[in-house]
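Note sheet for the following structure.
The values are calculated or read from the model by the stated rules, or taken from the named source; none is laboratory data. A quick note: this is a predicted structure, and the numbers were derived from the prediction, not measured. All Cβ positions, glycine included, derive from the backbone under ideal geometry; neighbour counts span all protein chains shown.
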Amino acid sequence: MDSDEEGLIALLLIKRRRRRRRNRSYWIHPILTNVHKCNEHFDNLLNHPKKFFKHFRLSIGTFWELHALLYAGLKHHDTNMRKSIAPAERLAITLRYLGTGCSFEDFELSYHRGATTARKIVQETCQLIWNYLKAVCIPEPTQDMWKEIASGFLQNTNFPNCLGAIDGKHIRIIHPFDTGSLYFNYKKFFSIVLLATCDSNLLFTFVDVGAYGKASDSTIFRESELCNKIHRNTLNIPSPRQVGNRQPLNYTFVGDEAFGLSENMMRPYAGKYLDLDKKVFNYRLSRARRCIECTFGVLANKWRILHRPLNTSVHFSEDIVKACCILHNFIRKRDGFNFRHTLKIVGLENIQNTGWPVTRASTARDTLKDYFMAQLGLKPIYEDRRIYLKYEKKP
């Protein structure tokens, strides 16, 4: 036996001596045996729909529909040692954790379940939500679906041929062990990135979760499945459509300055001192792009777990973010939303749906720029006119 093996054995013996076996005082702590109190609390909430919605972030009917879709994965078999936790309780614990951002130790008093048990329940349920509902809540769009999304942007934001708004959101996490600065972003905290696109109704159409916090949005987009499908022409993007009576323009996503200008990606003009027509174009694009910002805001305010650092492993954190995105679409489609309030959030309440004039430019962005200016001269939108008057007052 050489010296290296002897040293390794000595190190293992030292670690074994330092490891102390935990003496369990109870198989199950007495405070965790009063599960009937949790069932009574749940039954009382069923009699009060408003309190139920506030407690679990969804209506009673939506809860049972979600329960039915996940029942096969939530159901566990009873054993000789103990009865399994009911599927409804598993789903309730997960929704409560995602909706409030509480710690797992809080479930010891509220649901009479140990912290380790609650952690395992939440992780398994989040994985089930993503695996069972991804194809239902975030399906891969067809050409008809893309055209419907573009029609919604045209009606709500007056931006033509828009497939969706794209942006990234940093999800704060506790520094993962032995990862260095991979997850340390420019905002000076550790995070994973949620790259997503949405439609004009604030519904996710694509999500990519788990990129390093130090990576930029453009880098994450280039390495994402969405970008690969665009380059391979497998995203079912419709053929170019005419804007007015002019040359057809491609359908594009809209993003901020972090994304590069390409055939299917539209970004604003760079620079601070711009001409009036470029300022109007940037405003129109930002009005369409802010949909994704508002979607992130609605997501975080609905599922408050995203308001605090996730004290879980990186893979568990990814499961949490994916489940929140799926639940966002699932609940928004079924419980609805106040459309007037949504317009006030996005800032679209004064938008008019006007006709499109005839202009011509060499590139797609310049074409849209001239097209917006021509519209400003015909039947101006209020904010475009305000930019115009402010520009004219300058000496």
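So, THR125, is that one among the β-branched types (Val, Ile, Thr), under 30 Å from VAL280 (Cα atoms) and buried (at least 22 other Cβ atoms within 10 Å of the Cβ) or not?
Considered against the rule, which asks whether it is among the β-branched types (Val, Ile, Thr), under 30 Å from VAL280 (Cα atoms) and buried (at least 22 other Cβ atoms within 10 Å of the Cβ), THR125 comes out as no.
Out of (1) buried (at least 16 other Cβ atoms within 10 Å of the Cβ); (2) touching a strand residue (DSSP E or B) at 6+ places or on another chain (Cβ under 8 Å); (3) more than 25 Å from PHE330 (Cα to Cα), the odd one out for GLU223 is which?
(1)
Show the residue pairs meeting these rules: Cβ distance below 7 Å; 6+ apart or different chains; first residue within region 44-58 and of a type in the set (Phe, Trp, Tyr); second residue exposed (fewer than 12 other Cβ atoms within 10 Å of the Cβ).
Taking only residues 6 or more apart or on different chains, not a single pair turns up.
Modelled with pLDDT of 85 or more and of a type outside the set (Gly, Ala, Ser) - does that describe any residue in region 35-46?
yes
Can you tell me which residues in region 191-201 are in contact (Cβ under 8 Å) with a residue 40 or more places away in the chain and out of contact with any helix residue (DSSP H, G or I) (no Cβ under 8 Å at 6 or more places or on another chain)?
Across region 191-201, there are no qualifying residues.
Any residue that is in a helix (DSSP H, G or I), under 19 Å from HIS315 (Cβ atoms) and more than 18 Å from the chain's Cα centre (by Cα) - is there at least one of those in region 82-105?
Yes, because at least one residue in region 82-105 is in a helix (DSSP H, G or I), under 19 Å from HIS315 (Cβ atoms) and more than 18 Å from the chain's Cα centre (by Cα).
Check off (1) part of a strand (DSSP E or B); (2) farther than 30 Å from SER103 by Cα for GLN155 and give me the number that stays unchecked.
If we test GLN155 against (1) part of a strand (DSSP E or B); (2) farther than 30 Å from SER103 by Cα, just (1) comes out false.
What's the number of the condition MET1 fails, among (1) in a helix (DSSP H, G or I); (2) at pLDDT below 65; (3) not assigned by TED's automatic domain parsing to the domain that holds GLU124?
Of (1) in a helix (DSSP H, G or I); (2) at pLDDT below 65; (3) not assigned by TED's automatic domain parsing to the domain that holds GLU124, only one is false for MET1: (1).
List pairs: first residue in region 283-307 and within 19 Å of LEU98 (Cα to Cα), second residue of a type in the set (D, E, K, R) and not in a helix (DSSP H, G or I) anywhere in the structure, Cβ distance under 8 angstrom, at least six positions apart or on different chains.
Going by the 8 Å Cβ cut-off, the qualifying pairs are PHE296/ASP167; PHE296/LYS169; LYS302/ARG57; TRP303/ARG57.
Out of everything in region 72-124 that is farther than 15 Å from PHE56 by Cβ and of a type in the set (Lys, Arg), what residue ends up being modelled with the lowest pLDDT?
ARG82
Output the residue which, of all residues in region 252-265 that are touching a helix residue (DSSP H, G or I) at 6+ places or on another chain (Cβ under 6 Å) and surrounded by 19 or more Cβ atoms within 10 Å (Cβ to Cβ), is farthest from ALA215 (Cα to Cα).
Within region 252-265, the match that is farthest from ALA215 (Cα to Cα) is VAL254.
Is it true that some residue in region 47-59 is surrounded by 14 or more Cβ atoms within 10 Å (Cβ to Cβ), among the hydroxyl-bearing types (Ser, Thr, Tyr), within 17 Å of ALA323 (Cβ to Cβ) and out of contact with any strand residue (DSSP E or B) (no Cβ under 6 Å at 6 or more places or on another chain)?
No: region 47-59 contains no residue that is surrounded by 14 or more Cβ atoms within 10 Å (Cβ to Cβ), among the hydroxyl-bearing types (Ser, Thr, Tyr), within 17 Å of ALA323 (Cβ to Cβ) and out of contact with any strand residue (DSSP E or B) (no Cβ under 6 Å at 6 or more places or on another chain).
Could you tell me whether any residue of region 181-196 is among the small types (Gly, Ala, Ser), buried (at least 17 other Cβ atoms within 10 Å of the Cβ) and over 25 Å from ASN282 (Cβ atoms)?
Yes, because at least one residue in region 181-196 is among the small types (Gly, Ala, Ser), buried (at least 17 other Cβ atoms within 10 Å of the Cβ) and over 25 Å from ASN282 (Cβ atoms).
Going by the structure shown, is TYR269 buried (at least 17 other Cβ atoms within 10 Å of the Cβ), assigned to a loop (DSSP other than H, G, I, E, B) and in the same structural domain as LEU235 (by TED's automatic domain parsing)?
Answer is yes for this residue.
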